[in-house]
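Reviewing the structure listed below.
The values are calculated or read from the model by the stated rules, or taken from the named source; none is laboratory data. Quick caveat, the model's predicted, so the values are computed rather than measured. Cβ atoms come from the backbone with ideal geometry, glycine included; neighbour counts cover every protein chain shown. Accessible surface areas use protein heavy atoms only, side chains included; no ligands, DNA or RNA. Shrake-Rupley method; radii C 1.70, N 1.55, O 1.52, S 1.80 Å.
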Amino acid sequence: MDLAWVESHRFASDRGSLALRPGERLLAGGTWLFSEPQPAVTGLVDLTALGWAPWEPLPDGGLRLAATCTVAQVQQAPWPAPALARQCADALLMSFKVQAAATVGGNLCLALPAGAMIALTASLAGEVVIWTPDGGERRTPVTEFVRGPELVDLLPGEVVRAVDLPARTLARPTALRRTSLTPHGRTAALVVGRREPDALVLTLTGSVPRPVVVTLPAGSPEQAVRAAVAAAGAEAGWYADPHGAPDWRAAQTGRLAAEVCAELAEGAP
Ligand SMILES: Cc1cc2nc3c(=O)[nH]c(=O)nc-3n(C[C@H](O)[C@H](O)[C@H](O)COP(=O)(O)OP(=O)(O)OC[C@H]3O[C@@H](n4cnc5c(N)ncnc54)[C@H](O)[C@@H]3O)c2cc1C
């Protein structure tokens, strides 16, 4: 849609040009920004000209995804275990045109419960790298960065630079389950499981307002998995919107978590 109030558009070329003037807003892929009226936005500052590599290997063997890395590029990154990235990209149910434009940073900053790049990076213990307006940098776990729908830990003038994924989680076995009210509907509940040597780490999104991590001892019986997920979801509050009622989401999340645990247990040594 046309943003009728926008009078200026400029490309950010370096860090200095990221300082926003009154009425300006950062623009990444624009797939959300251009999807609804933005009467408060009079100028756009385009991040895509900064030339950040979509992904970079980290010295410890981890992987950095740039904020401007698109959902399509995420799937081309050198993942030791590529299935999870593909599953999360598929969870967004976007057309190929949207996948080619929507970015990791935009998905995190929008902070929708159905944010599948949030699910991907939270489940791999990702850290958000934030550029602060004084020229510095700070880091925060994805699970703390996303605080609720359209609510993130970002102060005025701060810009998300990247998400760093540690080497220790990248090659671990994972399993993903998601559900929605309709076959091609928005994610209503999504569970990612990561198998660690002594534990199972479940990340819940879609059914809760912010990512919730549940860590269980390896080999926990289904009843214990369901109880732990029910308690963690209730504490965060089961999410309600037209894509699913909270009690239905709670039941679906318990079922998905049990399926994820069963799949990861099958492959356990
Ligand atoms: C067909 C369709 C399907 C969709 N499905 C889903 C879905 O299933 N789940 C979901 O979560 N979303 C969905 N969306 C919404 C949206 O497209 C995605 O969340 C997308 O990832 C947003 O990324 P973007 O780069 O387009 O962000 P933009 O629209 O460019 O920006 C979104 C917001 O983030 C801010 N921002 C962007 N980058 C940064 C940065 N680096 N630092 C600070 N602020 C920043 C912008 O200022 C803006 O406020 C869908 C959209 C469409 C059109």
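Assorted remarks:
- For region 74-91, taking the residues that are touching a residue at least 40 places away in the same chain (Cβ under 8 Å) and part of a loop (DSSP other than H, G, I, E, B), the one that is most open to solvent (accessible area, probe 1.4 Å) is identified as Pro80.
- Residues within region 141-186 that are hydroxyl-bearing (Ser, Thr, Tyr) and under 30 Å from Gly23 (Cα atoms), tallied: 1
- Sole exception among (1) free of Cβ contacts under 8 Å to residues at least 40 places away in the same chain; (2) open to solvent by 20 Å² or more (accessible area, probe 1.4 Å) for Ala250, by number: (1)
- Residues that are within 21 Å of the chain's Cα centre (by Cα) and open to solvent by 80 Å² or more (accessible area, probe 1.4 Å), drawn from region 9-35: Arg25
- Enumerated helices (runs of 4 or more DSSP H) restricted to region 102-149, each holding at least 2 residues that are within 8 Å of the ligand (Cβ to nearest atom) and touching a residue at least 60 places away in the same chain (Cβ under 8 Å): 104-110, 116-123
- Residue count for region 170-194, restricted to those that are more than 12 Å from Leu84 (Cα to Cα) and in a helix (DSSP H, G or I): 0
- Single unsatisfied condition, Pro173 versus (1) under 23 Å from Gly105 (Cβ atoms); (2) open to solvent by 20 Å² or more (accessible area, probe 1.4 Å); (3) of a type outside the set (A, V, I, L, M): (1)
- For region 26-43, a tally of residues being over 24 Å from Ala72 (Cα atoms) and near the ligand (Cβ under 9 Å from one of its atoms) returns 2.
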